[in-house]
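Down below is the structure, laid out as structure tokens.
Please treat every number below as a calculation from the coordinates, not as lab data. Here the structure is a predicted model, which means the values were calculated and not measured. Heads up, the Cβs are rebuilt from the backbone with ideal geometry, glycines too, and the neighbour counts pull from every protein chain shown.
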């Protein structure tokens, strides 16, 4: 009963992946039978109190709001134990990522006029986008859009 209560307390604070929840329960209750932990997790999933799909969806939205790209988010979800089938279903490259990358470029360029293709600022922004988890293609496309939106910036 203490296992379930602790799991419910953790889930009341935020969504957790099954793997995260299992690790936290094992840490807290080192003497507990692993089968008992799995049983509690199975019951929580059956009651829809714990869902890897719901966790992944919330995590995806939260990381997108903070400006991270799909490659970064996909790796984070995998490291948190979310099954690949759910990650592949929810985190796919599409035009939404291009818009997000474009918004990041716009915010980084606020007030700056010099974005020469291949120039120092262009390269810096490209590396920034890749570091945030955007593909090279998305980074290039978002930078080209930024240049085309402001032709004076490319002089």
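Observations, loosely collected:
- To the nearest ten degrees, helix 2-13 and the longest principal axis of the Cα atoms of the chain are 20 degrees apart.
- Shape parameters for region 1-50, alpha-carbon atoms, Rg then Dmax in Å: 9.6, 27
- Pairwise label distance in nanometres, residue 19 with residue 137, each label 7 Å out on the Cα-Cβ vector: 2.6
- Between residue 66 and residue 92, the simple spin-label model (points 7 angstrom out along Cα→Cβ) gives 2.6 nm.
- For region 1-31 versus region 61-105, the gap between their alpha-carbon centres in whole angstrom: 25
- When the helices of the chain are scored as -39500 (n - 2.57) per DSSP H run of n ≥ 4 and the total is divided over every residue, the value at 222 nm lands at -21500 deg cm²/dmol.
- Volume in Å³ per residue [convex hull over Cα atoms, computed for the chain]: 118
- Viscosity 0.890 mPa s, temperature 25 °C, Stokes-Einstein D of region 95-154 from Kirkwood C-alpha radius, µm²/s: 221
- Cα Rg over Rh - region 52-92, Kirkwood: 0.90
- To the nearest ten degrees, helix 136-149 and the longest principal axis of the Cα atoms of the chain are 40 degrees apart.
- Which of 39, 79, 142 has the fewest Cβ neighbours within 10 Å, and the rest in rising order: 79, 39, 142
- Between 0 and 90 degrees, the angle of helix 70-79 with respect to the longest Cα principal axis of the chain falls at about 20 degrees.
- Gain on full stretching of the segment that runs from residue 144 to residue 33 - 0.36 nm per residue minus C-alpha separation: 34.3 nm
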